[in-house]
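**Student:** The structure's right below; bear with me while I get my questions together.
Laboratory data are not the source of any read-out in this text; all were calculated from the coordinates shown. On a predicted model such as this, the values are computed, not experimentally measured, just so you know. Cβ placement follows ideal geometry from the backbone for every residue including glycine, while neighbour counts extend to all protein chains displayed.
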Amino acid sequence: MVTQLSQMGMSTADALMAGRVGAVDLAAVSIGSNLFWPILLLMSGTLLAVTPTISQLRGAGRVPETGAVVRQAAWIALVGAMLGVAIMWNARFVFEWIGVDATVAPVASEFLRAQCLGLFGMLGFFLLRYLCEGMAWVRPAMLVALSALCIKVCLNYILVFGAWGNEPLGGIGCGVSTALVVSYQFLALGVIVRFSHMRRTGVFDRFNLPNFEMLRKLLTLGIPIGLSIFCEVAFFSGVGLLIGRLGAEAIAGHQIAMIVGGLAFMIPLALGQATTIRVGAYVGGRRLDRARNAARVSLLTATTIACASAVTLILGRHFIAGLFSSDAGLTEVAATLLIMCGMFQVFDAINIVAMGALRGYKDTRLPMLLSVFAYWMVGMPVGVYLAFGGPGLDGLGVIGFWIGLVIGLVTGSLLVSFRLYLISGNPERVLSKAEPQQERAPEWHESRT
């Protein structure tokens, strides 16, 4: 949880500081982030195949094989980072096509160009973090993320506001600082893995050329995970990009609500990741009753915390919105959206924890399809209709989009929870996808180079 909150704290620092510069800079950071995060999470979500794979290998007593998994996943990360940079470097064409406000689009494009250069370091950090988490050693990522948050705030102050004689860069400075900080995170966690007990995984012991059989297995498991995360995040980001047509105030108000909701979401997201680790390890050790119990406890815990978050967001909405801006019109828009944000906290928590449990069971394909249906075939059409209007309805503006968000999340959480109920009660299906438990030669042969 601390790791996730620290990561989200960087985006919060961007919003707080860009908001103090002006609505245009905050809107630019929002629009740029709405393109950056779906692409990043599609790639990092694909790499999430590493966590259940390693946790099951650990549960099956096959730790020496984990290093080979990470080295092959690094090829996926490298190719993904190159593709991501190519797309985001030319984001101005996307903004022009969508029709983003002319005062916001140029700043958003430069912000994104600066930030995308950190994509290599960010994916490298995620890859090493997933290795540590699969081995149930989560403290290093927490310490690195906490220190990175402190560095991020200092760099933002220098670059955004132009402290110590530097030229103020506004929202663009947020992108530059992110690229620098994520590179630090990758190097710091790499040193920890290299010189700690994690060296028993052998991740840095040798260099391997791509092993296509191993890559196939990782991508078969990882692509549905990445697409599931992408569908949810792109759903939110797609709404944010469409809101770009409603003006800087609507964009900025939406960004404030998304940042606050994102902070609250970090706790169930962390529980979902912990559930993947626990369920995966129990499945690898053939303790299926404990795997199911871990999923049940995580769902109950996440739901309880989400209820508290919902009450806090709804009752404290005006105070929270005022932390981001002193503009009365902007804070009123944000406070209204925080009501909707509070309403979907419980369903969002149930959805992400259930998805985490399913990843531990290595069930990823059908959950991906359920996510596509809930977000893009239910939530998005409803949101567009309510926001822009149609037959028999005048457009509700940004509120309409948020009603669509709530409906999409409710649908997704119900479908995924039912899927988890079916999978966790089917031992034959679970064991058919589990890593072999007995000690033997590595299933994925790797040539020594």
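**Student:** Which lysines have a Cα less than 29 Å from the Cα of K433, not counting those fewer than 8 places away in the same chain?
**Tutor:** List returned: K217, K362.
**Student:** Right, another one. What fraction of the Cα pairs in the range 93-176, stated in percent, has a spacing above 22 angstrom?
**Tutor:** Details: 1560 of 3486 pairs.
Percent of Cα pairs beyond 22 Å in the range 93-176: 45.
**Student:** If you don't mind, another one. Along the charge dipole of the chain, Cβ charges K/R +1 and D/E -1, which of S44, F401, G171 sits furthest on the positive end?
**Tutor:** Of S44, F401, G171, it is S44.
**Student:** On a C-alpha basis, how far is the centre of the range 261-292 from the centre of the range 323-356 in Å? Whole number, if you could?
**Tutor:** Each part's Cα centre sits 24 Å from the other's.
**Student:** Here's another thing I want to ask about it. For K362, K152, K433, which order do you get if you count the other beta carbons within 10 Å of each Cβ and list the fewest first?
**Tutor:** Numbers: K362 22, K152 26, K433 15.
Neighbour counts put them in this order, fewest first: K433, K362, K152.
**Student:** How much length, in nm to one decimal, is gained on full extension between R199 and W164, taken as 0.36 nm per residue of separation minus their Cα-Cα distance? All intermediate terms of the calculation are to be shown ahead of the outcome.
**Tutor:** On the way: separation 35, 0.36 × 35 = 12.60 nm, distance 4.16 nm.
Contour length minus the Cα-Cα distance gives 8.4 nm.
**Student:** Here's another thing I want to ask about it. Show me the three semi-axes of the equivalent ellipsoid for the chain, from the C-alpha gyration tensor (sqrt of 5 times each eigenvalue), largest first, rounded to whole Å. Present the calculation step by step, with values, prior to reporting the outcome.
**Tutor:** Working: eigenvalues 257, 136, 71 Å².
Equivalent ellipsoid semi-axes, largest first: 36, 26, 19 Å.
**Student:** Let me ask something else about it. Over the Cα atoms of the range 323-372, what is the Rg over Rh ratio if Rh follows Kirkwood? Each step should come with its number before you reach the end.
**Tutor:** Working: Rg = 16.9 Å, Rh = 13.4 Å.
With Rg and the Kirkwood Rh in hand, the quotient comes to 1.26.
**Student:** Could I have the simple spin-label model distance between C150 and R429, label points 7 Å from Cα toward Cβ, reported in nm to one decimal?
**Tutor:** 4.8 nm
**Student:** Follow-up. Normalising by the residue count of the chain, find the relative contact order in percent from Cα pairs under 8 Å and 6+ residues apart. If you can, show how the numbers build up before the last one.
**Tutor:** Working: 791 pairs, mean separation 102.6, N = 449.
It rounds to 23 percent for the chain.
**Student:** Let me ask something additional. Filter the chain for me: DSSP H helices, axial length by Cα at least 18 angstrom, mean Kyte-Doolittle hydropathy not below 1.6. List them by residue number.
**Tutor:** On the way: long enough: 2-21 (28 Å, 0.41); 23-47 (35 Å, 1.48); 66-89 (34 Å, 1.51); 119-134 (22 Å, 1.33); 139-161 (33 Å, 1.74); 171-194 (36 Å, 1.55); 212-243 (43 Å, 1.55); 248-284 (51 Å, 1.15); 288-315 (41 Å, 0.95); 328-343 (23 Å, 1.63); 345-360 (23 Å, 0.97); 398-424 (39 Å, 1.92).
What comes out of the filter, once short or polar helices are dropped, is 139-161, 328-343, 398-424.
**Student:** Please give the charge dipole size of the range 2-432, origin at the Cα centre, charges +1 on K and R Cβ atoms and -1 on D and E Cβ atoms. Round to the nearest 20 debye. Walk me through the numbers before you get to the answer.
**Tutor:** On the way: 28 positive and 19 negative charges, 410 e Å.
Using only the charged Cβ atoms, the result is roughly 1960 debye.
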